[in-house]
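The values are calculated or read from the model by the stated rules, or taken from the named source; none is laboratory data. Quantities reported herein were computed from a predicted structural model and do not represent experimental measurements. Positions of Cβ are backbone-derived with ideal geometry, glycine not excepted, and every protein chain shown enters the neighbour counts.
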């Protein structure tokens, strides 16, 4: 294959520069001085305690304090909305006990092993994807203790052959347990997005999740209100089943941005279960939110 460039990793003190040199075609009479190079530095400081992924520009966690608020559906559709903006997007499903990515994208193939430890991610709908669900029997429960969970999370970060990405979205498990602490301590997170429904019982746990990120020094990019209201598929009438405006009010109280509302639509559920997320057809609900994450 034709060589188009090469990457060089340069360590300077506590900083790492990831430089990609692209070879620009020139005519046969060109001199060496006329051959041009382009370099793209990665300004993230080098931290020996982190898993360094210099080929990924931004790593964003999508989290919720409570399960059942549609976080994984939001993460998948948000990833597609970002990809449709021309970005190179990866999606990592870190919910070890309840992985959703195999169903939401209808992925049944298993990742290929490259050598003894490296894992090839799976491409679907233009996304680079990885989930523990790709590697285990979907009909069997994973009965793992904390150290095994933390090891699996680290392996999916460290041993997966992630390509050049503009953004990697990490679909976090609900709660604030071992997987969350591992990701906050080992991944170079650029921020976190909190997903909640409008009702108080969900917002209580969303608040705890937000505070966890703040305590470990991860910037909270904002709150998304999912299932914000129900739109009837017959009359298009609106019903505030779970209340109204709770997440927006909570964002204002906590001093973080409110990123937008996503309605409760039958098509979001139907298309998600079929492996064809709604963002492939209509990205409006997610496009506005994506613009706040990657302006």
When every residue in the range 114-135 that is in a loop (DSSP other than H, G, I, E, B) and within 12 Å of residue 93 (Cβ to Cβ) is compared, the one modelled with the lowest pLDDT is 135
Within the range 254-266, residues being more than 13 Å from residue 74 (Cα to Cα) and in contact (Cβ under 8 Å) with a residue 12 or more places away in the chain number 5
The helices (runs of 4 or more DSSP H) lying wholly within the range 171-288 that contain at least 1 residues that are surrounded by 17 or more Cβ atoms within 10 Å (Cβ to Cβ) and at pLDDT 90 or above are 200-215, 246-254, 266-273
So the strands (runs of 3 or more DSSP E) completely within the range 14-112 holding 2 or more residues that are modelled with pLDDT of 85 or more and under 17 Å from residue 286 (Cβ atoms) are 56-63, 89-93
Note on residue 144: of the conditions (1) within 15 Å of the chain's Cα centre (by Cα); (2) closer than 23 Å to residue 100 by Cα; (3) not in a helix (DSSP H, G or I), unmet is (1)
